[in-house]
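Structure first, commentary second.
The values are calculated or read from the model by the stated rules, or taken from the named source; none is laboratory data. Keep in mind that this is a model prediction, so the values were computed, not measured. Note: accessible area is taken over every heavy atom of the protein model, side chains too, but ligands, DNA and RNA are not part of it. Shrake-Rupley method; radii C 1.70, N 1.55, O 1.52, S 1.80 Å.
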Amino acid sequence: MASNGSSKRRERQYSWVDPMAVRGKHFELSGLEFLRALASGELEHSPIAHTLGFRVTEAKEGSATIELEPAEFLYNAVGSVHGGAVTAIADSAMGFAVSTTLPASVGYTTLDLNIRFLRPVTEETGTIRATGYAEHSGRTTATARAEIRDSDDRLLASATARCMILRPESS
């Protein structure tokens, strides 16, 4: 490995809980109850949330907010947070917003998403928040949008998505 003399290897450790244990709660609670349990800390966040370092901070009927503290381990080769990390929180916020409209045992998955990046995100940006809004939640599909903002409420990115609603086989 080449070094310019100033490179210093960094390490990061983190842990997570069995995602299937948390998934089981999704079948017992409505989407809104599930998200509120994540926000309050009653339920553990998913492995991807621990990997990227985000957390649900608020859930209301039709909306959900996720916060992420930009960190160097999320950087790309040009020295800013990789767009994939920003996309991941936008996708999660939109999916969670849809989830807040769903009863127990009904899930969702993203069909497609579109994101527009407006400003770079770095550690200096400070905490960013992605707020998702469910625009339509039907029997088979849902639509949502998200705004990613910094602590000064500047718009960093915006996104839209369609989700497939996953109902139990018997309904």
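Some observations on this one:
- Plainly put, the range 38-134 has a radius of gyration that is 0.97 times its Kirkwood radius, both from alpha-carbon atoms, as the Rg/Rh ratio.
- Just the protein heavy atoms count here, and of the accessible area of the range 27-171 at 1.4 Å, carbon and sulfur take up 50 percent.
- Normalised radius of gyration (Cα atoms, divided by 2.2 N^0.38 Å) for the chain: 1.10.
- Using the rule -39500 (n - 2.57) for each DSSP H run of four or more residues, divided by the residues of the chain, the 222 nm mean residue ellipticity is -7500 deg cm²/dmol.
- Heavy-atom accessible surface of the chain, averaged per residue, reaches 56 Å², computed with a 1.4 Å probe.
- Shown for the chain are the DSSP H helices of 18 Å or more along their axis, judged by Cα atoms, with a mean Kyte-Doolittle hydropathy of at least 0.5: 83-99.
- Straightening the chain between Glu69 and Asp153 buys 28.8 nm, computed as 0.36 nm per residue apart minus the Cα-Cα spacing.
- Under a 5 Å amide H cut-off, with hydrogens placed 1.01 Å from N, Thr57 pairs with Thr65, Ile66, Glu67 among residues at least 5 apart or on other chains.
- Here the extension length gained between Glu42 and Ser105 equals 20.8 nm, from 0.36 nm per residue of separation less the Cα-Cα distance.
- Normalised by 2.2 N^0.38 Å, with N the number of residues, the alpha-carbon radius of gyration of the range 27-86 equals 1.31.
- Stretch gain in nm, segment Ala77-Glu124, where the contour uses 0.36 nm per residue and the Cα spacing is subtracted: 15.2 nm
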